[in-house]
Amino acid sequence: MEEVNSRKALGEFLRSRRERLTPEEVGLVSYGRRRTAGLRRDEVAQLAHIGTSWYTSLEQGRSVNPSEDVLNNIAKALRLTEDERRHLHLLARPSPQEKEESQQLTAGLEQMIRALDPHPAFIIGRYWDLLLWNRAAELVFRLPVFSNNLGERPHWMRHLLSDPELGSKIKDWEVKARVLIAHFRADYAQFPNDARFKELIDEFMQTSRLFRELWPLHDVQVATDRHKRSYDPRIGEMEFEHVTLQPPTHPDLKIMIYTASTDTAVRLRSLLESRL
């Protein structure tokens with residue numbers, strides 16, 4: 001069953017990338033009107049220098065084992081980004097599933113996250129459960145006050161998709177949600193047969209309009225360092241440099257740090273001191 005799920009995900013991804021291209025974009029001549037958008041399977045096969053029946057089998061989720069060179073040829077034919085190319089390889093040649101590592105955080109990690117105030121910082125696990133966050137993250141992202149005795153820890157994706165106050169205050173929220181979901185898909189591709197990921201995807205498909213609209217697009221993007229701007233009426237305009245770190249000894253963890261600009265840091269520090 002796990003192998004079937006992986007092959008199905010691979011077929012859906014290939015189909016979505018094929019359907020977004022036109023013959024003109026890849027240097028092919030198009031004759032007459034087409035019944036469906038995008039390239040035909042035989043055109044992808046031609047561009048990738050493989051047999052049409054073989055490519056069709058791959059897209060239909062049949063049991064085939066493409067080599068690394070074949071996958072790279074398909075990636076080139078479909079004009080995949082580097083993140084999408086890696087995603088294709090993960091889906092086509094999934095690694096054996098490893099058990100989730102202990103989510104017990106070291107004292108050093110906890111001290112670092114708290115010491116970063118007034119710069120928001122938090123740690124998420126393999127499934128994006130929030131494991132630890134500082135006071136600045138509570139303020140900026142409207143998180144509950146952190147406590148080791150907190151019953152159920154928030155889930156980062158669920159929190160962002162379900163909090164109406166948070167979504168309504170973020171500029172270009174739907175554009176940013178698309179990037180967020182693309183990051184989630186990139187992480188999911190490492191564990192395509194994981195039951196917990198499937199439960200989360202099913203939940204978000206039921207509860208979030210944005211997720212229902214964006215997940216079937218199969219966009220994928222690996223989290224990278226970037227400049228972020230946002231607005232909150234309680235705080236004003238905010239600017240951050242966002243970086244994601246992964247401890248080499250705990251690859252399931254992601255440390256998310258939002259280094260505030262000078263003006264933003266001054267305002268956040270003032271607000272945090274007023275809440276003491």
Exercise for the section: Note down all Cβ pairs under 8 Å where the first residue falls in region 34-48 and is touching a residue at least 60 places away in the same chain (Cβ under 8 Å) and outside the structural domain of R79 (by TED's automatic domain parsing), the second is polar (S, T, N, Q) and surrounded by fewer than 19 Cβ atoms within 10 Å (Cβ to Cβ), and they're at least six residues apart or on different chains. Expected result: none
Fill in the blank from the handout: Selection from region 111-144 of residues assigned to a loop (DSSP other than H, G, I, E, B) and buried (at least 18 other Cβ atoms within 10 Å of the Cβ) yields L116, D117, P118, H119, P120, G125, R126, Y127, W128, N134, L143
Completion exercise
Per the filter on region 172-199, residues in a helix (DSSP H, G or I) and either among the basic types (K, R) or at positive phi (or both) are K176, R178, R185, R196, K198
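Quick grid of which residues meet (1) in contact with a Lys or Arg (Cβ under 7 Å, 6 or more places away or on another chain); (2) without any contact (Cβ under 8 Å) to a residue 24 or more places away in the chain; (3) buried (at least 17 other Cβ atoms within 10 Å of the Cβ):
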| site | (1), (2), (3) |
| --- | --- |
| F146 | no, yes, yes |
| L160 | no, yes, yes |
| D163 | yes, yes, no |
| I181 | no, no, yes |
| D187 | no, no, yes |
| L210 | no, no, yes |
Problem - Some residue of region 68-84 being modelled with pLDDT of 90 or more and within 26 Å of A195 (Cα to Cα) - result: yes
Problem - Selection from region 235-253 of residues that are more than 15 Å from N134 (Cβ to Cβ) and either touching a residue at least 60 places away in the same chain (Cβ under 8 Å) or over 25 Å from the mean Cα position of the chain (by Cα) (or both) - result: I235, G236, E237, M238, P247, H250, P251, D252, L253
Practice task
Could you list all residues from region 16-26 that are touching a residue at least 24 places away in the same chain (Cβ under 8 Å) and touching a Lys or Arg at 6+ places or on another chain (Cβ under 9 Å)?
Solution key: R17, R18, L21, E25, V26
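Determine which member of the set L143, L139 is assigned by TED's automatic domain parsing to the domain that holds R269, at pLDDT 90 or above, in contact with a strand residue (DSSP E or B) (Cβ under 7 Å, 6 or more places away or on another chain) and not acidic (D, E).
Residue meeting the stated conditions: L143.
For region 1-39, enumerate the residues that are of a type in the set (K, R), surrounded by fewer than 17 Cβ atoms within 10 Å (Cβ to Cβ) and modelled with pLDDT of 90 or more.
Kept after step one, since they are of a type in the set (K, R), are these residues of region 1-39: 7-8, 15, 17-18, 20, 33-35.
When the remaining residues are screened for being surrounded by fewer than 17 Cβ atoms within 10 Å (Cβ to Cβ), the result is 8, 15, 20, 33-35.
R15, R20, listed by residue number.
The values are calculated or read from the model by the stated rules, or taken from the named source; none is laboratory data. Given the structure is predicted, the values throughout are model-derived calculations rather than measurements. Heads up, the Cβs are rebuilt from the backbone with ideal geometry, glycines too, and the neighbour counts pull from every protein chain shown.
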